[in-house]
């Protein structure tokens, strides 16, 4: 393996490395293989300028910046641990993979390549799925772990890459039989910045197994603008979940129906806090 | 240093430089035992590739030998098995460098990434609260 510092946004087939909190463990467990790592810290913007945030800003920088809307700031503060937030970037957080233990332990599931294509089973559906998805879990029951992504989807944020601009929600796709990817990011495409539209008020609430340093069992982001409230959830679907229908539409697995109750309580609490303030 | 690309900072410190004060427990960025300071910022050396450190200044527990925080941990008996202690002290030093008199809330927030399986948390909190005594 080689490592070089990026001098431009062209990666020439290399694998981009920023804080490394996600990529390094995946490299060391063999889930990701790379011949060349490209350290992109020098070329990805990292400043915070009003409503524009460089994708290289760390979660630690965002959690204490008064320019940042409450939902995003709180999502950063409640994410991961101090050491991880010190180096983990906004862009990297949006691109993290699921915490599904079958996927992390390299069981040949539908998201993993096998010698002849992809796996043909979701082991969580019949197995241990306490932390898994309650929406869209029929093909792959993984839960998306990003607090930050849920906050940005609720806030209606836009992403700029070296190729295009897109709503944050469009960075994600549900994996399917024909296409197992969970993001729409193309090879060589780099997240550069996030643009936040004006919102009146926002909030992020999170249920974890412990009081701090946990991935979301359920995370609820809500943002209110001109009387309209958008709600997005972390930890409930294979992608960040914009709640357009009702939580009654959830399709929990036998041992994660508790997430529906948790989500219902947190959504109610989040929405009423925005209306009250 | 002659490490191959892919070597972590923790491996380089321990195996090449024989600085074995830095401990590796989970080796995947969860537990905080391997915490070192990179330019003063608490960082997990077990998931930091040594080739990305560049010219930055790395401070390990060996460099904090004479820091009052070490004595505070001893005085308050803030450890049991001691395996997480180097990482705890490194995180605590960074906290009090920025905030010399941290509140309970600030201590708990700053120390959340250092797990102690012996459960010495109340005494760790007390050591940090009284480090200047």
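Values quoted throughout were computed directly from the atomic coordinates according to the rules given, and no laboratory measurement underlies them. As the structure is a prediction and not an experimental result, all values here were calculated from the model. When we count neighbours, we look across all protein chains shown, and the Cβ atoms used for this are built from the backbone with ideal geometry, even at glycine.
Below is a table of values for the structure above.
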read-out	value
Computed lengthening from residue A:273 to residue A:258, 0.36 nm per intervening residue step minus Cα-Cα distance	3.1 nm
Cα Rg, Dmax, chain A, angstrom units	18.1, 56
Alpha-carbon radius of gyration plus Dmax, which is the widest Cα pair, for segment A:134-176 in Å	12.0, 34
Hydrodynamic radius (Kirkwood) for segment A:136-277, which is based on Cα pairs only, to one decimal in Å	15.8 Å
Choice from B:66, B:39, B:55 with maximal GNM fluctuation in chain B (Cα, 10 Å cutoff)	B:55
Chain A - percent relative contact order, Cα under 8 Å, separation 6 or more	19 percent
Crossing angle, helix B:85-98 versus chain B [Cα axis fit, 0-90 degrees, rounded to tens]	70 degrees
Simple spin-label estimate for residue A:186 and residue A:112 in nanometres, 7 Å along Cα-Cβ	3.1 nm
Length-normalised contact order for segment B:48-130 - Cα pairs under 8 Å, 6+ apart - percent	39 percent
Chain A: most fluctuating residue of A:258, A:204, A:172 per GNM, C-alpha cutoff 10 Å	A:258
Cβ-derived FRET efficiency at R0 56 Å, residue B:66 paired with residue A:126, nearest 0.05	0.50
Globularity ratio of segment A:27-127, using Cα Rg and 2.2 N^0.38 Å	1.36
For B:75, B:65, A:41, order by how many other beta-carbon atoms lie within 10 Å, fewest first	B:65, B:75, A:41
Using a Förster distance of 60 Å, the FRET efficiency for residue A:12-residue B:133 (Cβ separation, nearest 0.05)	0.60
Among A:246, A:142, A:193: highest mean-square fluctuation, GNM of chain A, C-alpha pairs under 10 Å	A:246
Segment B:9-129: projected area of the alpha-carbon convex hull, averaged over directions, in nm²	6.9 nm²
Share antiparallel - DSSP beta bridges, chain A, percent rounded to 5	80 percent
FRET efficiency estimate (nearest 0.05) - Cβ-Cβ, residue A:225 to residue A:67, R0 22 angstrom	0.80
